[in-house]
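Just below is one structure, and these are the notes that go with it.
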Amino acid sequence: MRVSGRGKEVIVTVAMPTQADWVKTVLFDRGYLARIRGDAIKVYLVMLEICGGVPDQSVTISLNQLMKKTRLSCPTVIDSLSRLESLGLVVSTTHERGKVKTYYVSDPTSSLTA
């Protein structure tokens, strides 16, 4: 970006955050926003916030924390996580009952079947 004033020209470098680019690519360019149904988008956005908007990150969060952050009921959060897993956006990496779960926020492939 160039800024001019009073005969002086200053060059300012403006870096776009890669996180915003990645989120835009996944949700809009790859078409996942249209495929995420209902309240699952709220759960996905919380997961993105926790991982700092960076793909291929593991996050540890309890069901209660997800419920508080999204203001959704327990069955709705569980259903939303299931939907996100079926899309390949979030992968549960902890499968022990009663344990705080760790989820992997993946960078899904760009090939979607309609």
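Kindly flag which residue pairs out of 69/101; 24/68; 42/69 have an alpha-carbon separation exceeding 18 Å in this structure. Too far apart for the 18 Å limit: 24/68. Ordered from longest to shortest, the equivalent ellipsoid semi-axes for the stretch 17-105 are 21, 14, 12 Å, each the square root of 5 times a Cα gyration tensor eigenvalue. Annotation for residue 22 and residue 92: the two label points, set 7 Å from Cα along the Cα-Cβ direction, are 2.4 nm apart. Taking label points 7 Å from Cα along the Cα-to-Cβ direction, residue 104 and residue 67 give a separation of 2.8 nm.
Taken together, the values in this text are just the output of simple stated rules run on the coordinates, not laboratory data. What you see is a predicted model; the values in this text were computed from it and never measured. Cβ: placed from backbone, ideal geometry, glycine included. Neighbour counts: every protein chain shown.
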